[in-house]
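Below: the structure, in structure tokens.
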Amino acid sequence: MSSPTGPAPGLPVRMPRPRQPGRHRRPEPAAAPVGAPPLVLAVPGLPDTETRSLAEEILSIARSELPGLDARIGYVDADGAAEGYPSLESVLAYAAAQRAARASEAREAGTEDGAAGAWDQWPPAIVVPLLAGPDNSLLRRVRQSVMSSGSAAELTDALGPHPLLAEALHVRLSEAGLARADRARLFTVATAADGIILATVGGEEAVQAAGISGMLLSARLAVPVLAAALDIEGDIARAADQLRGSGSRNLALAPGLIGPEIAEGLADAAAKEADCAAAAPLGAYPAIGKLVLAKYAEVLGISLQPQGVPAH
């Protein structure tokens, strides 16, 4: 059973690498500052074991990048009575109460410039939505949960668009045999697509944001990429027709989605509609964990630059 304070027992947790001795040891990663609030990952969709494993893996990546990080999961669409799947609202309410108690204890202990100040300088939690792009309906539900929790938690933007998402899309396409793994080596794949449909959810705004990642992906693959929304009727088929009309013959659908935000089978159905193969969703690709952490660090105003490495 998972709890608002940490991962479920039995799930793998990515640990920081041991420090290497000697003058040529790798720089130590930055550490979470004293009193930093928890990172709460807002996970959309109906919670299940697969979704929990995905979220835990993403947070394991974040923890490995920032030792000492307090990272928790809150499910946007969880039933309040669902054992092992705490709702986002309950996680935030617990974090706020926990932080208030610790701040009070620190003040009573008389620590003026140490722990007491640390507990008061940041919000009780920082909520990062597990969304690759702006989906107003999902973000609205996340925002409502934050407000209903009664906490002053801060909500970040979605993870994309970002160059790391283009990298993740490229990898998922290459894993499915639909793109070259490395353009520099000119490695060819017999089934490589010559036109990509970048699927997203969230209507026109999400399509515009995905278009930025699409341009970056197009530059990596040297093939045209069109963004289209799974939740706009006929949009995927229209993108397929447009690509074929411009000369593409072997299309592929690349879900610009992490996974839990869409119903199971929706991307496959869209690929069937467009009569093309599909890559897997982004899932727990390492870049997703790094982007989640970057959103958190941005609110705190801290650097993720490893210790011992000069900033550029």
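Summary table
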| read-out | value |
| --- | --- |
| Solvent accessible area, Å² - R220, 1.4 Å probe, full protein context | 90 Å² |
| Using a Förster distance of 41 Å, the FRET efficiency for R140-A280 (Cβ separation, nearest 0.05) | 0.90 |
| Proximal charge balance of L138 [Cβ under 13 Å; K/R count +1, D/E count -1] | -3 |
| Exposure of I232 as accessible area (Å², to 10), given a probe of 1.4 Å and all protein chains | 40 Å² |
| Heavy-atom accessible surface of the range 236-312: percent carbon and sulfur, 1.4 Å | 51 percent |
| Förster radius 25 Å - calculated FRET efficiency between E233 and E298 (Cβ-Cβ, nearest 0.05) | 0.10 |
| Amide H partners (placed H, <5 Å) of L155, local residues excluded | V127 |
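The values are calculated or read from the model by the stated rules, or taken from the named source; none is laboratory data. These numbers come from a predicted model, not from an experiment. Cβ atoms come from the backbone with ideal geometry, glycine included; neighbour counts cover every protein chain shown. Calculation scope for accessible area: heavy atoms of the full protein, side chains included, ligands and nucleic acids excluded. Shrake-Rupley method; radii C 1.70, N 1.55, O 1.52, S 1.80 Å.
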